[in-house]
1. So how tilted is helix 135-144 from the main axis of the chain? Cα-based, degrees 0 to 90, rounded to 10.
2. Give me the percent of DSSP beta bridges within the range 205-519 that run antiparallel, rounded to the nearest 5.
3. From the phi of every residue in the range 389-405, what ³J(HN,Hα) in whole Hz does the Karplus formula 6.51 cos²θ - 1.76 cosθ + 1.60 yield, where θ is phi - 60° and glycine or proline is x?
4. Based only on Cα atoms, what Rg/Rh ratio does the range 3-186 have, Rh being taken as Kirkwood's radius?
5. Across the range 46-56, in residue order, what do the Karplus-derived ³J(HN,Hα) couplings come to in whole Hz, using 6.51 cos²θ - 1.76 cosθ + 1.60 with θ = phi - 60° and x for Gly and Pro?
6. Return the distance in nm (one decimal) between the two label points of a simple spin-label model at residue 34 and residue 239, each offset 7 Å from Cα along Cα→Cβ.
7. What is the range 3-186's relative contact order, in percent, from Cα pairs under 8 angstrom and six or more apart in sequence?
8. Note down the magnitude of the dipole of the chain about its Cα centre, charges +1 on Lys and Arg C-beta and -1 on Asp and Glu C-beta and zero elsewhere, to the nearest 20 debye.
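What follows draws every value from the coordinates through simple rules; no lab data is involved. In this text, all values refer to a predicted model and were calculated from it rather than measured experimentally. Cβ coordinates were reconstructed from backbone atoms using ideal geometry, including for glycine residues, and neighbour counts include every protein chain displayed.
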Amino acid sequence: MISRLHSAAVNGITGYEVQVEVDVKKVEETGRFVVVGLPDTAVRESTQRVTAALQNSRFFCPGQILATVNLAPADVKKQGPGFDLPIAIGLEMAIQANYNGLPEAYRRRIPTDVDDWCIVGELALDGEVRGVRGILPQTIAAREAGRQYIMLSPENAAEAAVVEGMQVYAVRNLSEAWEVLLDRASHAPYESSDQVELAMGLPDFDEIKGQPYARRAMEVAAAGGHNLLMSGSPGSGKSMLASRLPTILPPMTTDEALEVSKIHSVCGLLPKGAGLLRSRPFRSPHHTISDVGLMGGGSNISPGEITLAHHGVLFLDELPEFNRRTLETLRQPLESGVVTISRASGSMDFPCQFMLVAAMNPCPCGYLGDARHVCRCKPADIARYRKKISGPLLDRFDMVIEVPAVDPSSLLSKPDGESSAEIRARVTAARLIQQKRYAGTAVTCNARLSGKLIRRYCPLTAAQETLLLSAVEQFGLSARAFDRILRVTRTMADLAGRELPSDEDLLEAIQFRQFESQLRGGN
């Protein structure tokens with residue numbers, strides 16, 4: 001008899017079902033244990049872990065058998081140790097059914113009702129079941145394949161429990177897994193408890209002194225999902241502002257939280273015992289990051305920082321210090337919201353709808369335009385420094401602002417700005433307006449408006465059109481920048497609760513773009 005069980009694996013960030021087939025035959029010579037179905041090294045090594053786990057859990061595992069494990073579909077590469085548990089159970093089921101002369105002390109009842117189960121887990125040598133990465137997409141795949149129950153490690157139980165329609169059984173070891181399969185009714189499924197996220201200790205906007213212009217830019221960026229570039233001398237508060245951006249972003253929808261949690265699950269970044277991530281991601285890679293680290297890839301294709309920032313923020317501090325080639329790879333994903341990674345082993349699409357927030361100094365020394373410090377950079381050095389940010393990349397920012405140095409006298413005063421909670425309330429209200437407006441479309445916020453939708457939802461009067469065209473010509477802006485000003489104008493109106501953009505909305509959106517001409521070398 002061939003034993004058949006169901007497991008699951010991950011391809012990119014998408015789960016798929018894997019059937020585990022085990023066949024055993026008694027042989028006279030020394031036995032062999034073979035795994036086929038395009039296994040990677042971790043899967044091939046499961047033979048050693050499974051054998052030791054069975055023996056140390058007092059299951060019968062004779063040495064004179066030929067055991068063949070097939071992981072189907074056989075044309076898809078299998079990765080990771082998550083097949084250990086189903087292989088061990090399948091092997092013992094096949095031995096119990098086929099091995100003649102089985103000692104009475106090792107005879108066990110064979111589970112028969114296993115077709116509704118998905119089984120995933122790594123085994124320790126003593127039979128303990130350990131957690132694996134990517135349980136959330138694997139659980140979703142099992143549900144879509146028609147399975148009703150999933151068996152896994154207690155480490156992964158909270159993560160799997162967020163998938164509706166699946167009963168989760170957390171087992172501590174191989175013996176407990178066998179007992180659950182024999183008599184599911186006598187074991188209670190895992191029940192998740194609501195987890196409350198605490199905001200204690202998080203930075204708050206009310207700690208920032210001064211910078212009303214930059215604070216307003218942050219609010220607008222959060223309300224519309226816009227990309228923002230800040231230029232200012234060291235210590236002006238650029239990083240401080242960016243680090244507080246997550247505290248004013250609106251909460252994720254359930255679908256967004258599921259997408260983000262799947263990505264972090266595959267990368268092993270979900271907090272221990274967490275189910276769905278409710279806080280929007282904030283990723284801040286160092287400027288030495290490689291193309292693969294930022295975009296994704298590798299021999300086993302995995303998501304990069306831009307995918308980990310999906311539905312959240314990617315903050316690039318000291319933007320000109322990044323490798324220019326690495327920065328240029330951002331251009332296409334910023335437009336499409338998807339990054340395609342192609343390797344010899346195949347091609348994968350990863351979602352990457354993120355807000356790009358970046359900070360830079362105005363010159364190599366950082367003090368160009370600073371009233372209290374002298375800039376000693378030569379014009380050629382300044383031009384070379386700024387050219388590290390290409391025009392096409394600069395075009396992808398919706399707002400380009402200057403953050404001036406803080407007046408020292410204000411450092412001893414009490415902060416007089418609003419708290420993150422107050423700002424977040426306005427941001428959330430603006431996002432709700434956008435959700436209702438774009439219901440039934442793929443657009444999630446104003447920053448994602450396409451060409452036709454921009455004209456539809458950002459109508460201008462004849463006078464406003466004249467004003468915008470004049471500004472575009474004066475500041476030397478591109479057609480892409482033209483559209484981005486319209487998107488920001490729409491967000492200004494949403495924050496104010498206006499159906500149609502006003503002249504003030506348009507003027508403020510233009511103002512948030514005018515510093516771009518200086519970075520390009522204009523007046």
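1. Computed tilt is about 70 degrees.
2. Values: 8 of 22 bridges.
Roughly 35 percent of the beta bridges in the range 205-519 run antiparallel, per DSSP.
3. These are the phi-based 3J(HN,Hα) values: 9, 6, x, x, 6, 4, 4, 6, 8, 7, 9, 10, 10, 9, 10, x, 5 Hz.
4. Result: Rg/Rh = 0.95.
5. Once rounded to whole Hz, the list reads 4, 4, 6, 5, 5, 4, 5, 5, 5, 5, 6.
6. So the label points at residue 34 and residue 239 sit 5.7 nm apart.
7. Reported as a whole number, the value is 25 percent.
8. Dipole size: approximately 1200 debye.
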